[in-house]
Amino acid sequence: MPERILTPPPDKSISHRALILSAIASEPCCIRNPNKGLDVMATIDCLRAMGSEISSEDQQLRVEPKSFIPPSRPLNCANSGTTMRLLLGLLSGTGIRAVLDGDESLRKRPMDGISEALCSAGAVILLSRGKYPPVEVVSGITKDITWAAKSPSAQVKSGLLLAGLAGGRNLIFTEPVRTRDHTERLLRWLGEDITIGEQIRLRPTRPIPGFDLTVPGDPSSAAFLVAFRLMRKGPPLIIKGLCLNPTRMGLYEALVKMGARLSWEVHSEGPEPVGDLLVEHSETLSGAEIGPDEAASAIDELTLLGVLASITDGIITVRGAEGLRSKESDRIALLVKNLRAQGAEAEEFPDGFRVKGPFRFRGGRFETQGDHRLAMGFAVACSAFGVDFQLDHPSAPEISYPGFYEDIRRLV
């Protein structure tokens, strides 16, 4: 059977970080193949409101760094927690006073993890209702940053790195579990004095140079294509130009252990490992237990693992993932609620969930509260099982995966 080839959308995490670093570079920068989802657009809009000149042509963004100016209005981070947390770090480093706000969903997501760390280095930050947006940066950091995170968060880590970089302050950061390291890789690639190990240490000694970066494919988005092929018979699927960063491969490694016919190969390095992934239909997967160490490298895909329980001969258990409750929605509660409506045996824990397979998706209406990961997971499952479905927010995939429905139609 001939193989089918798809290219996933560009990586959202890398696009955010590349944009912010280009805005504080000493020379113009070019970002090729950026993600064009609504989250990344929010970062672009916020940087423009602070004075950055960002132009788009073909499949690239050109960024002309300018001295930041206090924005004349609240910075609208829309639905993007990444935008808000990274900009909180950037603003605290530069000392620019600003208010950051977002949509109704973002206003329910806690920002005390990043603000507490920044305030420990002298920043003054005001939060609403104790820990939620809108958030006001009153003044920036005044000393070096030393912080041990209580829970894993790549966004908090990246925000602190940006604060230290923009403020010329040293950073020593300790995380309980290794999280995605795109910011560290970019800084090392750009020549910054950064040590990556049990502790992350940054000593800003030079301005960020101008750079030309091509963003690879997003493994979190590609996971939905992989899930479709595992669930539904069809030709082998090759996903080209994928970011194969080890801190993003947790779901794929778990699937291999569960018996999925899945493999990948790195073709190029720097700053990220990039290559191709091959997936073939797998009749049945075995159960799995995902703990805190594995959860950190698959945090955006864990609910998809719950969906894949439908073709699992056994039980999928996820623990140590309490962060799922404060994403675009309470993903744990909504996953379990929707799976039960499909006839699955599922239960939730404070920090995870348990789903018993196999079961069939029946279709119907799904409640996602606009959460793009949940929307795509349920859409993939129903498309794979060939049943009709309705999403309460059908446009949610546009947040991270423009063209999602077109790609699924190609596979069907």
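Each value in this text was obtained by applying a stated rule to the coordinates, not by laboratory testing. Here the structure is a predicted model, which is why all the values come from computation and not from measurement. Cβ sites come from the backbone with ideal geometry, for glycine too, and all protein chains shown count toward neighbours.
How would you classify segment 1-110 from its alpha-carbon gyration tensor, with a ≥ b ≥ c the square roots of the eigenvalues: rounded for a/c under 1.5, else prolate if a/b is greater than b/c, otherwise oblate?
Verdict is oblate for segment 1-110.
Can you compute the label reach from Ser139? Point 7 Å from Cα along the Cβ direction, backbone N cut-off under 13 Å, restricted to segment 93-113.
Counting backbone N atoms under 13 Å from the label point, the list is 95-97.
Determine the sum of side-chain charges near Phe366: Lys and Arg each +1, Asp and Glu each -1, restricted to other residues whose C-beta is under 10 angstrom from that of Phe366.
Computed value for this residue: 0.
Under the Karplus relation 6.51 cos²θ - 1.76 cosθ + 1.60, θ = phi - 60°, what is the ordered set of whole-Hz ³J(HN,Hα) values for segment 3-8, x standing for Gly and Pro?
Going residue by residue, I get 6, 10, 10, 9, 10, x Hz, with x marking Gly and Pro.
By per-residue mean of other Cβ atoms within 10 Å, what is the highest-first order of 365-371, 329-335?
Packing order, densest peptide first, comes out as 329-335, 365-371.
Within the set Lys233/Lys257; Lys108/Lys337; Lys157/Lys240; Lys108/Lys143; Lys12/Lys157, which residue pairs have Cα atoms separated by over 23 Å?
Lys157/Lys240; Lys108/Lys143, as the Cα separations exceed 23 Å there.
For every other residue with a beta carbon closer than 11 angstrom to the beta carbon of Ala254, add +1 if it is Lys or Arg and -1 if Asp or Glu, then tell me the sum.
Net local charge, Ala254 excluded: -3.
Just subtract the alpha-carbon distance of Ser268 and Ser128 from 0.36 nm times their residue separation and send over the number in nm, one decimal.
Answer, rounded to one decimal: 45.9 nm.
Any chance you could run the full-extension gain for Asn170 through Arg4? It's 0.36 nm times the residue separation minus the Cα-Cα distance, nm to one decimal.
Full extension from Asn170 to Arg4 adds 55.0 nm.
Dipole size in debye (nearest 20) for segment 275-412 around its Cα centre, Lys and Arg Cβ +1, Asp and Glu Cβ -1?
It comes to approximately 480 debye.
Amide H neighbours of Ser139 under 5 Å, counting only residues 5+ apart in sequence or on other chains, H built in-plane at 1.01 Å?
Val124
Residues with beta-carbon under 13 Å from that of Ile399, excluding Ile399: net charge, scoring Lys, Arg +1 and Asp, Glu -1?
Result for the neighbourhood of Ile399: -3.
Please report the relative contact order for the chain, taking Cα pairs under 8 Å with a sequence separation of at least 6, and give it as a percent rounded to a whole number.
Dividing the mean separation by the residue count of the chain yields 15 percent.
Go ahead and estimate [θ] at 222 nm for the chain from helices alone: -39,500 (n - 2.57) per DSSP H run with n ≥ 4, summed, over the residue count, rounded to 500.
So the calculated ellipticity at 222 nm is -9500 deg cm²/dmol.
Please go through segment 159-203 and write out the GluC sites (Glu not before Pro) that DSSP classes as loop and that have at most 10 other C-beta atoms within 10 Å.
Here the sparse-neighbourhood loop sites are Glu198.
Could you calculate the contour length gain from Arg360 to Val177, that is, 0.36 nm times the residue separation minus the distance between their Cα atoms, to one decimal place in nm?
That pair, Arg360 and Val177, stretches by 62.4 nm at full extension.
Can you give the relative contact order of segment 147-239 as a percent, counting alpha carbon pairs under 8 Å and 6+ residues apart?
24 percent
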